[in-house]
Amino acid sequence: MLTVLSHPLIDIKLTTLRDKDTPPHDFRRTLFEIAGLMSFDVFKFLNSTQISVTTPLETTDGYRLAEPAPAIISILRAGNGLADAFSALLPEAPIGHLGLQRNEDTHNAEAYYEKLPRNIDSRQIILADPMLATGGSAIMAVDRLKRHGVKDMVFACLVAAPEGVAAVEAAHPELSIITAGYDRALDENCYILPGLGDAGDRIYNTV
Ligand code: PRP
Ligand code: URA
């Protein structure tokens, strides 16, 4: 299921990210801010447990995160930009990393690293990667997490292409995809149009 977020602040900040003249330090800061705004929807599925809390005046009902805490999984390397912002709001969440890199010729994702929190199979998962282009990286990430027994996860991205969303929906129909932007198409190099370019390079100022 695809959710395209609609909010003036998200739209304004996504425009800053799209702008080719936005320098890396502004790109990183804006990415952090937009992820914070997205978290309102991204965290909606999290389970909480009812507790009682005593205010200075009386005792009332309150909530805490259900245990075990959810985990944030970053698809390296651009996913770290989103994961850092989600982690700031959910510091209890352990952070896992899946190293996936698109092959520049085939555009297929290739895995090079994996480090996941323990008890991953009993945690809710927020999977973070700014770009959903062909969908190959997202599909591979979800495949790997499912192999570890993960059942409940949401995929958060900044920009998604229709081709990638269709591919992910075909492979993982139950997955919630939350994106700040739903773009037109992929170009001949499988970059998203209009997109924002190479997210990793823009975050880390590499070429
Ligand atoms: C980018 C992006 C996604 C992937 C999306 O990563 O962060 O992981 O491409 O493309 P897809 O949907 O076609 O798989 P990239 O492989 O460029 O690696 P990087 O984050 O290390 O730059
Ligand atoms: N990866 C990116 O970083 N950007 C795209 O447009 C496609 C894949």
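The values are calculated or read from the model by the stated rules, or taken from the named source; none is laboratory data. What you see is a predicted model, and the numbers here were worked out from it, not measured in a lab. FYI the Cβ positions are ideal-geometry reconstructions off the backbone, even for glycines, and counts take in every protein chain you see. For the accessible areas, the whole protein counts, side chains as well, though only heavy atoms, and no ligand, DNA or RNA atoms are used. Shrake-Rupley method; radii C 1.70, N 1.55, O 1.52, S 1.80 Å.
Projecting label points 7 angstrom from Cα along Cα→Cβ for LEU65 and PHE45 puts them 1.6 nm apart. Loop only per DSSP, at most 13 neighbouring Cβ atoms within 10 Å: give me the GluC sites (Glu not before Pro) in the stretch 83-158, ordered by residue number. Those satisfying the criteria are GLU92, GLU104.
Between the residues THR54, PRO130, GLY96, the greatest Cα displacement towards the positive end of the dipole of the stretch 2-204, with unit charges on the Cβ of Lys, Arg, Asp and Glu, is found for THR54.
This model, with +1 at the C-beta of Lys and Arg and -1 at the C-beta of Asp and Glu, gives the chain a dipole about its Cα centre of some 400 debye. Summing Cβ point charges (Lys, Arg +1; Asp, Glu -1) relative to the Cα centre of the stretch 101-203 gives a dipole of roughly 560 debye.
Solvent-accessible area assigned to carbon and sulfur over the chain amounts to 52 percent, based on a 1.4 Å probe. Calculation over all alpha carbon pairs of the chain in 10 angstrom steps from 0 returns a P(r) of 9, 35, 36, 14, 5, 1, 0 percent.
To the nearest 20 Debye, how big is the dipole of the stretch 118-176 about its Cα centre, given +1 on the beta carbon of each Lys and Arg and -1 on that of each Asp and Glu?
320 debye
Each stretch of four or more DSSP H residues adds -39500 (n - 2.57); spread over every residue of the chain, this sum gives -10000 deg cm²/dmol at 222 nm. Taking Cβ atoms as reference points and 11 Å as the exclusive limit, the residues near ILE10 contribute a net charge of -2, counting Lys and Arg as +1 and Asp and Glu as -1. When the chain is described by a simple charge dipole with +1 on each Lys and Arg Cβ and -1 on each Asp and Glu Cβ, the residue from HIS172, ASN119, SER74 located farthest towards its positive end is ASN119. Annotation: LYS146 carries an accessible surface of approximately 80 Å², with a 1.4 Å probe and no ligand, DNA or RNA atoms counted. Applying a DSSP loop filter and a limit of 16 other Cβ atoms within 10 Å to the trypsin sites (Lys or Arg not before Pro) in the stretch 62-145 leaves ARG118.
For the chain, the per residue solvent-accessible surface stands at 50 Å², with DNA, RNA and ligands left out and a 1.4 Å probe.
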